[in-house]
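Derivation of every value follows stated rules applied to the coordinates shown; laboratory data play no part. Here the structure is a predicted model, which means the values were calculated and not measured. Here the Cβ is made from the backbone with ideal geometry for all residues, glycine too, and neighbour counts use every protein chain on show.
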């Protein structure tokens, strides 16, 4: 089962892909964010995956978060090329995994709001209902489901209707397995206000059917993670946890504030694992040093 490593050990996910690309000096401005580099600098995407594998990650999440056919075609890319770029996100991660010699690849599926690039990915306040979200995600999902990834990572999902739409697509994809990871506003609720325990209860049958390997949280403050993971585990579902660094964006002064200490992040990861997380890593503002700390602390804790 790709939810745990051999012997029941947790799998370590990678850290923030865009964060790593920015550390190389890449300008990720614009609506495509890191997906733009799938066309412009694929070698840098591979380099970022390699950095995380070398730091101890077991799973590379491919650069599909904002990669969608509509997003590419809106910027003048033909439909066939747009689909090829979406698939390339997985191909690059697979190529680097194969060169490294171990690991899994998860196709990255970001929320509808990520393609809108208007901040709605953090609220779920959309102009589409569940059926509309299902239709919007369908084309990209089918491309990624056929791209050869080991898993599909549905991440930063801000609302239950979007999770339902993604779950429907998973049910329609024979052989595919995925995790669904919500962005949460506090230690109890998804960003749309739904208690996480209620969202997990809806998704639990899909886990029981062997299709959903985990449910959990990402792009959420680390301090909220323990209670959220316990809510997932309490429903009998394995949890995934990859929060942001703990820093907070100060919009008035255009800067990040707070701590981003890798050692502290690694220690916290042991608590997430103890609470029920079988997939553990980092999201925004985490880099290879955070993942190395997670790896080291989990290895010492699990033995």
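A few points about this structure:
- Average Cα contact separation per residue, the range 162-267, under 8 Å, 6 or more apart, as relative contact order %: 23 percent
- For the range 43-175: relative contact order, % (alpha-carbon pairs under 8 angstrom, 6 or more apart): 27 percent
- If you sort the three axes of the alpha carbon gyration tensor as a ≥ b ≥ c, you get a/c of 1.5 or more for the range 186-303 and a/b no higher than b/c, which makes it oblate.
- Taking the chain and dividing mean pair separation by its residue count, relative contact order in percent (alpha carbons under 8 Å, at least six apart): 19 percent
- Cα convex hull of the range 64-107, projected area averaged across orientations, nm²: 3.1 nm²
- Most mobile listed residue (137, 224, 253) in the chain, GNM with C-alpha springs under 10 Å: 253
- Across the range 86-208, counting alpha-carbon atoms alone, Rg and Dmax equal 14.7, 44 Å.
- Sorting 98-107, 174-183 by their mean Cβ neighbour count within 10 Å, with the most densely packed peptide first, gives 174-183, 98-107.
- Among beta bridges that DSSP assigns inside the chain, antiparallel share in %, nearest 5: 20 percent
- Rg/Rh for the range 1-80, where both radii come from Cα atoms and Rh is the Kirkwood radius: 1.06
- Evaluating kT/(6 pi eta Rh) at 37 °C and 0.692 mPa s, with the Kirkwood radius of the range 29-168 over Cα pairs in the Stokes-Einstein relation, gives 217 µm² s⁻¹.
- Burial order of peptide ranges 194-200, 271-277 (average beta-carbon count within 10 Å, highest first): 271-277, 194-200
- Sequence ranges 161-168, 89-96, 278-285, ranked by mean other-Cβ count within 10 angstrom, highest first: 278-285, 89-96, 161-168
- Over the chain - Rg/Rh using Cα atoms and the Kirkwood inverse-distance radius: 0.93
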